[in-house]
C-alpha cells in the first residue's frame with residue numbers, strides 16, 4: 001500500500017512539473033509580438049540610396065528582402081489577424097494625399113521667379129504669330145517634348161499662318177535624382193529657344209501656378225499673338241484643322257473653345273486624385289470648364305483671363321480654376337466635338353474604322369492620352385501622300401464628326 005501511494009505521489013509531481021512547463025511555454029507566446037522580436041539590423045544602404053526607394057531596395061541584401069518563414073502558434077492566429085488589419089488599414093491621409101493645410105497656408109504665394117525666359121518668342125514674326133502653341137511639360141519628359149517638336153508642334157508656317165511654340169515647366173520634385181537637370185534644361189533652351197521655367201515645384205496641384213504664370217507671361221511678352229492653343233505633351237493635335245477653324249474668327253473678340261465639361265461635382269472621396277473637401281469648395285457643382293488635354297483661346301480672352309487670375313482665389317485643380325476665371329469674366333466656353341480629351345470612342349456611323357485609323361483623326365482637333373510612338377505614327381500616317389479615307393462601297397459618303405445635340409455631363413475633372 002505504501003509503495004503504491006508513493007508511486008502515485010511521484011506521478012502526480014511529474015504531471016505537475018510537465019503542466020507548469022507547458023503553461024510557461026504558452027505564456028511566452030502570449031507576450032506581444034513587438035516585445036519578442038529581435039532588434040532589427042540596419043541594412044547597409046548608402047545615404048544617397050535612402051532618398052530613392054528603388055535604389056534602397058536594390059541595395060538591400062538578399063536575406064533582408066526575403067523574410068524567413070515564421071511559425072505562429074494556433075492560439076495566436078486570431079490576434080495576429082486583427083493586428084494585421086490594423087497595420088494595413090491606411091490612415092485618413094496617406095503620404096501621397098494632398099496636404100491641404102500646407103496648400104492653404106501658402107495659397108497666396110502666387111509670384112514665382114521666371115528662371116528661363118523667351119522674351120523675343122513672339123517678336124520674330126512681324127505683327128505677331130497667328131498661333132502660339134503652349135504645352136505643359138515636366139523636366140524629365142524630354143522625349144515627349146522632342147516628339148512634339150518634330151510632329152504637330154513644329155514652328156513655321158501652316159496653311160499660310162505663322163506658328164510658334166513654348167513649353168511650360170516648373171522645377172523637378174526630386175532634385176537629387178536629377179542632379180544635372182539645370183545644366184540640361186539650359187542646354188535645351190539654348191538649342192530650341194522654347195523653354196519657360198518657373199521657380200515652383202512641378203506637381204499636379206501646382207498646375208494652377210503654371211496656368212496663371214503662363215497667362216501673365218503671354219500678356220507681357222506675347223500680347224501681339226492672335227490665338228493660343230494650350231495643351232499637354234500626351235495629345236495629338238491636328239494643327240491644320242485648328243488653323244482652318246481659327247481663320248474664321250476675330251482675335252480681338254472673345255473665344256474659348258475645347259472639350260467643355262458641364263455640371264461636374266466636386267469629388268468628396270479622400271482617396272481620389274481630385275478630392276476637394278467642403279471647407280475648400282462648398283458649392284455642389286463646378287462652373288463649366290475645359291478638359292486640360294487642350295483648348296483654344298483668342299488674344300482678347302487671354303488678356304482678360306490674365307487679369308481675372310489675379311482676382312480669383314487659387315484652386316488646386318487647374319482646369320476648374322480656369323473655369324472659375326471664365327465665370328469671373330462672364331464668358332461661356334464653347335464645346336467643340338473635335339476636342340477628344342477623353343479619348344476616341346468608335347461611333348456606330350463608321351463601324352468599319354478602327355479607333356487608331358488616321359481617318360478617325362483627319363477631322364479632329366485634339367486627341368488626348370497618346371504615347372510617344374503613337375503620336376509619331378499618327379503624324380506620319382496623316383501626312384502620307386498615300387492616305388485615302390474614301391469609305392467602302394456600302395458607305396455612300398465619307399464619315400465626318402458631327403456636333404452632338406446634347407452632351408453627357410462628366411462626373412470628375414481631368415488633369
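The values are calculated or read from the model by the stated rules, or taken from the named source; none is laboratory data. No experiment lies behind these values; they were computed from the predicted model shown. Positions of Cβ are backbone-derived with ideal geometry, glycine not excepted, and every protein chain shown enters the neighbour counts.
Could you give every pair whose Cβ atoms fall below 7 Å, whose first residue belongs to the stretch 210-223 and is on the phi > 0 side of the Ramachandran plot, and whose second residue is crowded, with 19+ Cβ neighbours inside 10 Å, counting only separations of at least 6 or pairs across chains?
Listed pairs, sorted by first residue: none to list.
Of 386, 307, which residue is at pLDDT 95 or above and either within 25 Å of residue 222 (Cβ to Cβ) or outside any helix (DSSP H, G or I) (or both)? Explain how you work it out, then say what you get.
Values: 386 fails: at pLDDT 95 or above.
Answer to the check: 307.
Quick one: is residue 136 under 30 Å from residue 281 (Cα atoms) and in contact with a helix residue (DSSP H, G or I) (Cβ under 8 Å, 6 or more places away or on another chain)? Spell out the reasoning first.
On the way: under 30 Å from residue 281 (Cα atoms): yes; in contact with a helix residue (DSSP H, G or I) (Cβ under 8 Å, 6 or more places away or on another chain): yes.
Considered against the rule, which asks whether it is under 30 Å from residue 281 (Cα atoms) and in contact with a helix residue (DSSP H, G or I) (Cβ under 8 Å, 6 or more places away or on another chain), residue 136 comes out as yes.
Of the numbered conditions (1) in contact with a strand residue (DSSP E or B) (Cβ under 9 Å, 6 or more places away or on another chain); (2) closer than 28 Å to residue 150 by Cβ, residue 241 satisfies every one except a single condition; which is it?
Among (1) in contact with a strand residue (DSSP E or B) (Cβ under 9 Å, 6 or more places away or on another chain); (2) closer than 28 Å to residue 150 by Cβ, residue 241 violates only (1).
What do you reckon, is residue 218 outside any strand (DSSP E or B), touching a strand residue (DSSP E or B) at 6+ places or on another chain (Cβ under 9 Å), closer than 17 Å to residue 166 by Cβ and at pLDDT 95 or above?
Working: outside any strand (DSSP E or B): yes; touching a strand residue (DSSP E or B) at 6+ places or on another chain (Cβ under 9 Å): yes; closer than 17 Å to residue 166 by Cβ: yes; at pLDDT 95 or above: yes.
Yes; evaluated as a whole, the condition is true for this residue.
Considering each residue of the stretch 180-214, count those that are part of a helix (DSSP H, G or I) and out of contact with any strand residue (DSSP E or B) (no Cβ under 9 Å at 6 or more places or on another chain), and give that number. Break it down stepwise before answering.
If we filter the stretch 180-214 for residues that are part of a helix (DSSP H, G or I), which is where we start, we get 181-192, 204-214.
Still in the running and out of contact with any strand residue (DSSP E or B) (no Cβ under 9 Å at 6 or more places or on another chain): 183-184, 187, 190-191, 204-205, 208, 212.
Here the count works out to 9.
Condition check: farther than 26 Å from residue 225 by Cα and within 17 Å of the chain's Cα centre (by Cα). Does residue 182 satisfy that?
Working: farther than 26 Å from residue 225 by Cα: yes; within 17 Å of the chain's Cα centre (by Cα): no.
Answer is no for this residue.
Does residue 317 satisfy being at negative phi, modelled with pLDDT of 85 or more and within 28 Å of the chain's Cα centre (by Cα)?
Working: at negative phi: yes; modelled with pLDDT of 85 or more: yes; within 28 Å of the chain's Cα centre (by Cα): yes.
Here the answer is yes, as residue 317 does meet what is asked.
Here is a check on your reading of the model: is residue 119 in contact with a strand residue (DSSP E or B) (Cβ under 6 Å, 6 or more places away or on another chain), in a loop (DSSP other than H, G, I, E, B) and modelled with pLDDT of 70 or more? Walk me through how you get there before you give the answer.
Values: in contact with a strand residue (DSSP E or B) (Cβ under 6 Å, 6 or more places away or on another chain): no; in a loop (DSSP other than H, G, I, E, B): yes; modelled with pLDDT of 70 or more: yes.
When the stated conditions are applied, residue 119 does not pass them.
I'd like the residue in the stretch 246-278 that is free of Cβ contacts under 8 Å to residues at least 40 places away in the same chain and within 18 Å of residue 321 (Cβ to Cβ) and, out of all such residues, is nearest to the chain's Cα centre (by Cα).
266
If you take the residues of the stretch 308-323 that are out of contact with any strand residue (DSSP E or B) (no Cβ under 7 Å at 6 or more places or on another chain), in contact (Cβ under 8 Å) with a residue 24 or more places away in the chain and over 14 Å from residue 214 (Cβ atoms), which of them is surrounded by the fewest Cβ atoms within 10 Å (Cβ to Cβ)? Working first, answer last.
In the first step, residues of the stretch 308-323 are kept if they are out of contact with any strand residue (DSSP E or B) (no Cβ under 7 Å at 6 or more places or on another chain); the result is 308-317, 321.
From what's left, in contact (Cβ under 8 Å) with a residue 24 or more places away in the chain: 309-310, 313-317, 321.
Next, only the ones that are over 14 Å from residue 214 (Cβ atoms) stay: 313-317.
Working: 313: 9, 314: 20, 315: 21, 316: 23, 317: 27.
Here the answer is 313.
Say whether the condition of being out of contact with any helix residue (DSSP H, G or I) (no Cβ under 7 Å at 6 or more places or on another chain), farther than 27 Å from residue 133 by Cα and assigned to a loop (DSSP other than H, G, I, E, B) is met by at least one residue in the stretch 252-263.
Of the stretch 252-263, the ones out of contact with any helix residue (DSSP H, G or I) (no Cβ under 7 Å at 6 or more places or on another chain) are 257-263.
Subset that is farther than 27 Å from residue 133 by Cα: 263.
Those still in the list that are assigned to a loop (DSSP other than H, G, I, E, B) too: 263.
Yes: the stretch 252-263 contains one or more residues that are out of contact with any helix residue (DSSP H, G or I) (no Cβ under 7 Å at 6 or more places or on another chain), farther than 27 Å from residue 133 by Cα and assigned to a loop (DSSP other than H, G, I, E, B).
Please indicate, with yes or no, whether at least one residue in the stretch 227-240 is more than 24 Å from the chain's Cα centre (by Cα) and surrounded by 22 or more Cβ atoms within 10 Å (Cβ to Cβ).
yes
Provide a single number: the residues in the stretch 182-191 that are crowded, with 16+ Cβ neighbours inside 10 Å and in contact (Cβ under 8 Å) with a residue 40 or more places away in the chain. Before you say what the answer is, go through the steps one by one.
At the first step, the residues of the stretch 182-191 found to be crowded, with 16+ Cβ neighbours inside 10 Å are 182, 185, 188-189.
Narrowing further to those that are in contact (Cβ under 8 Å) with a residue 40 or more places away in the chain: 185, 188-189.
The number of residues fulfilling the criteria is 3.
So which of 297, 326, 331 is touching a strand residue (DSSP E or B) at 6+ places or on another chain (Cβ under 8 Å), surrounded by fewer than 20 Cβ atoms within 10 Å (Cβ to Cβ), under 24 Å from residue 131 (Cα atoms) and touching a residue at least 24 places away in the same chain (Cβ under 8 Å)? So that I can check it myself, show each step before the final result.
Numbers: 297 fails: surrounded by fewer than 20 Cβ atoms within 10 Å (Cβ to Cβ); 326 fails: surrounded by fewer than 20 Cβ atoms within 10 Å (Cβ to Cβ).
One residue alone meets the criteria, 331.
Quick one: in the stretch 140-168, which of the residues that are assigned to a loop (DSSP other than H, G, I, E, B) and out of contact with any strand residue (DSSP E or B) (no Cβ under 6 Å at 6 or more places or on another chain) is nearest to residue 244 (Cα to Cα)?
To start, the set of residues in the stretch 140-168 that are assigned to a loop (DSSP other than H, G, I, E, B) comprises 140-141, 151-155, 159-160.
Now narrow it down to the ones that are out of contact with any strand residue (DSSP E or B) (no Cβ under 6 Å at 6 or more places or on another chain): 140-141, 151, 154, 159-160.
Numbers: 140: 33, 141: 30, 151: 18, 154: 17, 159: 8, 160: 10 Å.
Ranking the candidates gives 159 first.
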